[in-house]
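The values are calculated or read from the model by the stated rules, or taken from the named source; none is laboratory data. All values reported here derive from a predicted model rather than from experimental measurement. Glycine gets a Cβ as well: all are built from the backbone with ideal geometry, and neighbour counts include every protein chain shown.
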Amino acid sequence: MELRNYYEVGFTPETYAGLLDEKQRALHALYQRRTEIDPGSIDRLRAAGPFHVLVITEPWCGDSLATFPVIAELCRQAGIGLRVVRRDERPELIDRYLTNGGRAIPIVLGLDADFAELFRWGPRPAAAQAIFERHREDVTAGRIARTEVYKEVRAFYAEDKGRTALRELLAGFGVDRAPLT
């Protein structure tokens with residue numbers, strides 16, 4: 001199936017939000033409220049488009065809970081169409097975008113007007129991924145619990161407020177790294 005087809009069968013952000021439980025909706029709202037995007041970046045993104053975004057994720061994913069609201073807000077402000085495909089319902093799609101051999105999510109696909117892939121982003125900002133990489137050997141060896149790594153990643157998300165994800169996404173779209181508020 002082509003990316004256009006996945007996009008067309010994907011959930012709108014509003015429909016996807018209906019899949020979230022109360023706690024997940026509260027986290028989405030928190031991260032969305034914290035998202036601050038420089039209006040100049042939105043103007044440059046609009047001028048460079050049109051674009052589409054396809055996100056592969058699941059409601060239970062912690063990284064998605066922190067980054068999807070940022071992605072959705074960027075798309076909303078820039079007038080970019082956004083659709084969501086659930087990873088576990090479309091394994092053939094996620095298998096095209098494995099991270100270190102695993103089905104890590106969210107995966108964000110930036111698409112041009114004709115639904116050709118411009119870039120892939122995810123499953124988390126590079127700085128958060130570096131936290132996982134720094135602890136990978138210790139987690140595998142049992143010297144540190146995976147939950148401790150997740151705490152460090154959550155602290156990153158709380159402090160970062162989506163800025164890093166926004167910069168990386170804007171760069172993926174070819175929009176310069178304008179300052180984010």
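What's the number of the condition Phe11 fails, among (1) closer than 16 Å to Arg83 by Cβ; (2) exposed (fewer than 15 other Cβ atoms within 10 Å of the Cβ)?
Status for Phe11: all satisfied but (2).
Would you mind finding the one in Gly62, Gly49 that is out of contact with any Cys (no Cβ under 9 Å at 6 or more places or on another chain), closer than 19 Å to Arg33 by Cβ and surrounded by fewer than 23 Cβ atoms within 10 Å (Cβ to Cβ)? Please lay out each step first, then the result.
Values: Gly49 fails: closer than 19 Å to Arg33 by Cβ.
Answer to the check: Gly62.
Having 2 or more residues that are within 27 Å of Ala155 (Cα to Cα) and either touching a Phe, Trp or Tyr at 6+ places or on another chain (Cβ under 7 Å) or not aromatic (Phe, Trp, Tyr) (or both) is the bar; report the strands (runs of 3 or more DSSP E) wholly within the stretch 58-142 that clear it.
Details: elements: 81-86, 107-111, 117-121.
Filter on the stretch 58-142 gives 81-86, 107-111.
Counting only residues that are small (Gly, Ala, Ser) and within 16 Å of Ile56 (Cα to Cα), which one in the stretch 69-93 is farthest from the chain's Cα centre (by Cα)?
Filtering the stretch 69-93 for residues small (Gly, Ala, Ser) gives 72, 78-79, 81.
Those left that are additionally within 16 Å of Ile56 (Cα to Cα): 72, 81.
Details: Ala72: 9, Gly81: 14 Å.
Ranking the candidates gives Gly81 first.
As an exercise: evaluate Glu152 against (1) under 19 Å from Arg34 (Cβ atoms); (2) surrounded by 17 or more Cβ atoms within 10 Å (Cβ to Cβ) and give the number of the one condition it does not meet.
(2)
What do you reckon, is Ala113 touching a Leu at 6+ places or on another chain (Cβ under 8 Å) and more than 27 Å from Arg146 (Cβ to Cβ)?
Values: touching a Leu at 6+ places or on another chain (Cβ under 8 Å): no; more than 27 Å from Arg146 (Cβ to Cβ): yes.
No.
I'm trying to understand the selection: among the residues of the stretch 125-151, which are within 30 Å of Ala48 (Cβ to Cβ) and either touching a Pro at 6+ places or on another chain (Cβ under 8 Å) or aromatic (Phe, Trp, Tyr) (or both)? Break it down into steps so the answer makes sense when it comes.
Going through the stretch 125-151, the residues within 30 Å of Ala48 (Cβ to Cβ) turn out to be 125-130.
Hit for the stretch 125-151 is Gln129, nothing else.
For the structure I just gave you, tell me whether Arg167 is touching a Leu at 6+ places or on another chain (Cβ under 8 Å) and without any contact (Cβ under 8 Å) to a residue 40 or more places away in the chain. Step through it out loud before you land on a result.
Details: touching a Leu at 6+ places or on another chain (Cβ under 8 Å): yes; without any contact (Cβ under 8 Å) to a residue 40 or more places away in the chain: yes.
Yes; evaluated as a whole, the condition is true for this residue.
If only one of Arg90, Arg83 is among the charged types (D, E, K, R), touching a strand residue (DSSP E or B) at 6+ places or on another chain (Cβ under 9 Å), within 17 Å of Val108 (Cβ to Cβ) and surrounded by fewer than 18 Cβ atoms within 10 Å (Cβ to Cβ), which one is it?
Details: Arg83 fails: surrounded by fewer than 18 Cβ atoms within 10 Å (Cβ to Cβ).
Selected residue: Arg90, the only one of Arg90, Arg83 that is among the charged types (D, E, K, R), touching a strand residue (DSSP E or B) at 6+ places or on another chain (Cβ under 9 Å), within 17 Å of Val108 (Cβ to Cβ) and surrounded by fewer than 18 Cβ atoms within 10 Å (Cβ to Cβ).
Check whether at least one residue in the stretch 19-33 is within 21 Å of Val175 (Cβ to Cβ) and surrounded by fewer than 21 Cβ atoms within 10 Å (Cβ to Cβ), and report yes or no.
Among the residues of the stretch 19-33, at least one is within 21 Å of Val175 (Cβ to Cβ) and surrounded by fewer than 21 Cβ atoms within 10 Å (Cβ to Cβ), which makes the answer yes.
Give me the pairs, please: first residue somewhere in the stretch 1-12 and of a type in the set (A, V, I, L, M, F, W, C), second residue anywhere and assigned to a helix (DSSP H, G or I) and at pLDDT 95 or above, beta-carbon distance under 9 Å, and either six or more positions apart or on two chains.
Matching pairs, first to second residue: Met1/Val9; Met1/Glu92; Met1/Leu93; Leu3/Leu93.
With the requirement that a residue be within 15 Å of the chain's Cα centre (by Cα) and either of a type in the set (A, V, I, L, M, F, W, C) or closer than 19 Å to Leu118 by Cβ (or both), what does the stretch 30-56 give you? Step through it out loud before you land on a result.
First, pick out the residues of the stretch 30-56 that are within 15 Å of the chain's Cα centre (by Cα): 31-32, 35, 52-56.
Of everything in the stretch 30-56, those that are within 15 Å of the chain's Cα centre (by Cα) and either of a type in the set (A, V, I, L, M, F, W, C) or closer than 19 Å to Leu118 by Cβ (or both) turn out to be His52, Val53, Leu54, Val55, Ile56.
Looking for something among the basic types (Lys, Arg) and surrounded by fewer than 16 Cβ atoms within 10 Å (Cβ to Cβ) - is there at least one such residue anywhere in the stretch 96-115?
Yes.
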